[in-house]
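Student: I am attaching a structure below and will ask some questions about it afterwards.
Rule-based calculations on the coordinates, nothing more; no lab input. In this text the structure is predicted, and so the values were computed from the model without any measurement. Please note: Cβ atoms are built from the backbone with ideal geometry, for glycine as well, and neighbour counts cover all protein chains shown.
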Amino acid sequence: MAHIISTKRLHLSELDDGDVAFIHQLFNDPDCIRFIGDRGLHTLDDALGYLKDKLIHSYRTHGYGLYKVTRQYDPQPLGICGLVKRDADNPPDIGFAFLPAYRNGGYCTEASQAIMQWAADQQISPVILAYTNPDNLASIRVLEKIGLHKQAITTLPGQDFESLILSTELPEKTN
């Protein structure tokens with residue numbers, strides 16, 4: 001694992017091939033499908049392909065991606081949180097998804113705050129975006145708590161549903 005972020009309660013680390021069952025479970029959660037979309041991860045082989053070709057590939061291509069979130073001393077994955085680079089023209093966006101048992105415990109907010117601080121420290125981009133389903137009030141609350149502001153509603157390329165765009169400018173790093 002090349003990158004690790006720690007908070008008071010959480011540990012964020014790169015996903016690897018051993019996380020295939022977790023990714024399969026997470027992306028087949030009905031709320032994940034409803035709010036993020038069906039990624040077609042119907043089998044463990046589908047999940048492994050997505051894990052390798054999308055999630056792990058992002059670390060090598062962009063230097064960041066979505067990270068596995070665990071509690072400090074418990075290897076059980078709670079969810080994922082990190083930055084996604086969708087295309088060359090737009091800033092990265094923060095994304096997250098947590099298993100149902102770990103929602104409403106502050107884990108998503110804590111992990112997202114850590115990602116935003118890390119992005120500012122690493123000078124990843126002066127602007128961070130977020131895209132979410134306009135009906136996903138829980139995600140919107142987290143995004144607003146960590147400093148993002150509603151901008152517009154649009155339909156992203158390749159999607160057949162609307163997304164709310166939020167954004168924030170990160171503070172410049174001071175030495």
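Student: About its Cα centre, what dipole magnitude does the chain give when the only charges are +1 on Lys and Arg Cβ and -1 on Asp and Glu Cβ, stated in debye to the nearest 20? Provide the component values of the computation, followed by the final result.
Tutor: Working: 16 positive and 22 negative charges, 98 e Å.
Using only the charged Cβ atoms, the result is roughly 480 debye.
Student: Send over the per residue convex hull volume for the range 1-55, Cα only, as a whole number of Å³.
Tutor: 99 Å³
Student: Residue-wise, which Karplus ³J(HN,Hα) couplings in Hz belong to the range 89-100, taking 6.51 cos²θ - 1.76 cosθ + 1.60, θ = phi - 60°, and x for glycine or proline?
Tutor: Along the range 89-100, the couplings run 8, 10, x, x, 10, 7, x, 7, 7, 10, 4, x Hz.
Student: If amide H atoms are built 1.01 Å from N in the plane of the peptide, which residues on other chains or at least 5 residues away come under 5 Å of the amide H of LEU10?
Tutor: Counting only residues 5 or more places away or on other chains, the set is GLN72.
Student: Name the residue from GLY18, TYR73, ILE33 whose Cα lies farthest towards the positive end of the charge dipole of the range 4-125, charges +1 on Cβ of Lys and Arg and -1 on Cβ of Asp and Glu.
Tutor: Projecting each Cα onto the dipole axis, the largest value belongs to TYR73.
Student: So if each residue of separation counts as 0.36 nm, and I subtract the Cα-Cα distance between ARG86 and LYS145, what length gain in nm does that give? Don't skip to the answer; put the middle values down first.
Tutor: Details: separation 59, 0.36 × 59 = 21.24 nm, distance 2.33 nm.
Gain in length upon complete extension: 18.9 nm.
Student: Please state the charge dipole magnitude for the range 1-94, taken about the Cα centre, from unit charges on C-beta atoms (+1 on K and R, -1 on D and E), reported in debye and rounded to the nearest 20.
Tutor: 360 debye
Student: Turning to a different aspect of this structure: Computed over the Cα atoms of the range 67-130, what is the convex hull's projected area averaged over all directions, in nm²?
Tutor: 4.7 nm²
Student: Net charge near PRO91: determine it from the other residues with C-beta under 14 Å of the C-beta of PRO91, scoring Lys and Arg +1 and Asp and Glu -1. It would help to have the intermediate numbers written out before the result.
Tutor: Values: positive: LYS85, ARG86; negative: ASP87, ASP89, ASP93, GLU169.
So the surrounding residues net to -2.
Student: For the range 64-175, just list the percent of Cα-Cα distances falling in each 10 Å bin from zero outward, please.
Tutor: 14, 46, 33, 7, 0
Student: As an exercise, find the ratio Rg/Rh for the range 122-175 from alpha-carbon atoms, using the Kirkwood inverse-distance average for Rh.
Tutor: Reported Rg/Rh (Cα atoms, Kirkwood Rh): 1.05.
Student: While we're here: Could you grab the Rg to Rh ratio for the range 4-125? Cα atoms only, Kirkwood for Rh.
Tutor: 0.94
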